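Below: the structure, in structure tokens.
Each reported figure results from applying straightforward, stated rules to the coordinates on display, with no laboratory input. These figures come from a predicted structure and were not determined experimentally. Glycine gets a Cβ as well: all are built from the backbone with ideal geometry, and neighbour counts include every protein chain shown.
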């Protein structure tokens, strides 16, 4: 009987993780009517079985099992944190700047938050962002222009990438690049799609300042293809504190790490 209860609990934890993409010990303990210590033991067991990956205070999906979801589904995952991150990131865009905006559900919120700036050029390979930016230009929410990179479309991710995209990117100089990712770990940032990862990597190399936008579910995750190391990143904007064990890495320790929610101005 006890074994059956544990199995049921594990199944419910995995199901909750599939829905929310991140679970907390406190919430699970309340929901399943058990002690936090019981949940911690459950999470340890599930991590050993590679069902999830433990983080401070909870768990996220195990990186080996993660596959990139359809873009429309990604937009719904961690929607509120992504929205807050995007709103904050948009305030870093200044008059007259040339901005690179890569593909991602978090950078989409940057596009929908740009306002009250003049003569801004936005260069992007996100079809979803282009539609939003065009509407904001039409409604005079900001002044400037949008340049859409050419290349091969990926309808499922509403993106443009490939050798033509990369060739075009090599000719730009950016003031700032806003980069999303599938995972962020002590090696840097990574993504699921090699073509999109390559485009993001070039944006970083061609930019004076690089801002990575990633919600907490991406932390301590790996996603197949490396985009860039922390040496090429100026700032990370997320909704979680930097993992404590990362502070031993000098390259990461000196990074400008902004936890959204604690910061009202810059």
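Summary table
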read-out: Peptides ranked, highest mean first, by Cβ atoms within 10 Å: ranges 166-176, 194-204, 114-124; value: 194-204, 114-124, 166-176
read-out: Nitroxide proxy distance, nm - points 7 Å out along Cα→Cβ at residue 20 and residue 115; value: 3.1
read-out: Extended-chain gain in nm, criterion 0.36 nm per residue less alpha-carbon gap, residue 41 and residue 253; value: 73.2 nm
read-out: The chain: C-alpha gyration tensor shape, a/c 1.5 cut-off, then a/b vs b/c; value: prolate
read-out: Antiparallel content of DSSP bridges confined to the range 109-266, in %, to 5; value: 35
read-out: Distance (nanometres) between label positions extended 7 Å along Cα→Cβ at residue 163 and residue 27; value: 4.5
read-out: Within the range 145-181: backbone nitrogen closer than 20 Å to the residue 226 label point (7 Å, Cα to C-beta); value: 179-181
read-out: Candidates 181, 190, 235, ranked by Gaussian network fluctuation over the chain, Cα under 10 Å, top entry; value: 235
read-out: Rel. contact order, % - alpha carbon contacts under 8 angstrom, at least six apart, the chain; value: 14
read-out: Stretchable slack from residue 50 to residue 186, in nm (0.36 nm times residue separation minus alpha-carbon distance); value: 47.0 nm
